[in-house]
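Comments concern the structure below.
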Amino acid sequence: MSNNESKCSCSCSGTENCVEIELNKLDAVFDKWESQPGALIPVLQETQGIYGYIPAAAITAISERLRIPTSKIFGVITFYSFFSLKPRGKYLIRVCLGTACYVRGAEEVLTALKSQLGIDVGETTDDLVFTLDVGRCFGACGLAPVIMINEDVHQWVKSSDVEKILKSYRNLAQGAKNGSK
């Protein structure tokens, strides 16, 4: 098991029984949704909100409580790109590869991000700070090339900007880790 698979972003991160400790948080989610038709997707969304991804132990719990086969749950998780079976970083970096962004240098920005982070698209840094992903159009063509980090839009990004952008988010992550903002 890699480091990414053994960690989660829940409040107990770093403990051996993290997922088991946090499973009690799912009880409120189940109480809210289990009697509702079509509860699976909202339950998965809230589960991912708790963990930052959907761990195997949570899938088992969801299957038992909602009486849905795990195969169906995996099918839904893998169909929708929003859901993840692996821990994601604190900051999800998405590079727009739509036509306007691509023509204006998004591929070079993506290459710089891969190089600086030491990961490929779909991967997460070992320290769980960054996850790298791509999208096809963010609807900000006049600002191309665009990257989004969580909900922050960075416009007219050049490959030479990448180091400075990443440094600012690393500093934020370090500050949060040290108890400051």
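The values are calculated or read from the model by the stated rules, or taken from the named source; none is laboratory data. As the structure is a prediction and not an experimental result, all values here were calculated from the model. Backbone-built Cβ (ideal geometry, glycine too); neighbour counts: all protein chains shown.
Given the options Ala100, Ala173, Ala106, Ala144, name the one that is of a type outside the set (Asp, Glu) and touching a residue at least 60 places away in the same chain (Cβ under 8 Å).
On the way: Ala100 fails: touching a residue at least 60 places away in the same chain (Cβ under 8 Å); Ala106 fails: touching a residue at least 60 places away in the same chain (Cβ under 8 Å); Ala144 fails: touching a residue at least 60 places away in the same chain (Cβ under 8 Å).
Just a single option satisfies the conditions, and that option is Ala173.
Okay, residues lined up against (1) buried (at least 17 other Cβ atoms within 10 Å of the Cβ); (2) in the same structural domain as Cys101 (by TED's automatic domain parsing); (3) more than 21 Å from Tyr102 (Cβ to Cβ):
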position	(1), (2), (3)
Gly118	no, yes, yes
Thr124	yes, yes, yes
Asp127	no, yes, yes
Ala144	yes, yes, no
Ile147	yes, yes, no
Gln155	no, yes, no
Ser160	no, yes, no
Ile165	yes, yes, no
Ser168	no, yes, yes
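Return yes when Ile73 is surrounded by 13 or more Cβ atoms within 10 Å (Cβ to Cβ), at pLDDT 85 or above, not in a helix (DSSP H, G or I) and not assigned by TED's automatic domain parsing to the domain that holds Asp133 and no when it is not.
On the way: surrounded by 13 or more Cβ atoms within 10 Å (Cβ to Cβ): yes; at pLDDT 85 or above: yes; not in a helix (DSSP H, G or I): no; not assigned by TED's automatic domain parsing to the domain that holds Asp133: yes.
For Ile73, the condition - surrounded by 13 or more Cβ atoms within 10 Å (Cβ to Cβ), at pLDDT 85 or above, not in a helix (DSSP H, G or I) and not assigned by TED's automatic domain parsing to the domain that holds Asp133 - is not met.
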Leu97 passes all but one of the listed conditions (1) over 30 Å from Ser159 (Cβ atoms); (2) aliphatic (A, V, I, L, M); (3) more than 17 Å from the chain's Cα centre (by Cα); the exception is number (1)
If you go through Leu85, Leu132, the only one that is assigned to a loop (DSSP other than H, G, I, E, B) and in contact with a helix residue (DSSP H, G or I) (Cβ under 8 Å, 6 or more places away or on another chain) is Leu85
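So which residues in the range 20-69 are of a type in the set (D, E, K, R) and in a helix (DSSP H, G or I)? Quick ask: steps written out before the conclusion?
Let us first name the residues in the range 20-69 that are of a type in the set (D, E, K, R), namely 20, 22, 25, 27, 31-32, 34, 46, 64-65, 67.
Of everything in the range 20-69, those that are of a type in the set (D, E, K, R) and in a helix (DSSP H, G or I) turn out to be Glu20, Glu22, Lys25, Asp27, Asp31, Lys32, Glu46, Glu64, Arg65.
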When you scan the range 60-79, do you find a residue that is of a type in the set (A, V, I, L, M, F, W, C) and under 16 Å from the mean Cα position of the chain (by Cα), even just one?
yes
Residues in the range 101-116: is at least one modelled with pLDDT of 95 or more and part of a loop (DSSP other than H, G, I, E, B)? yes
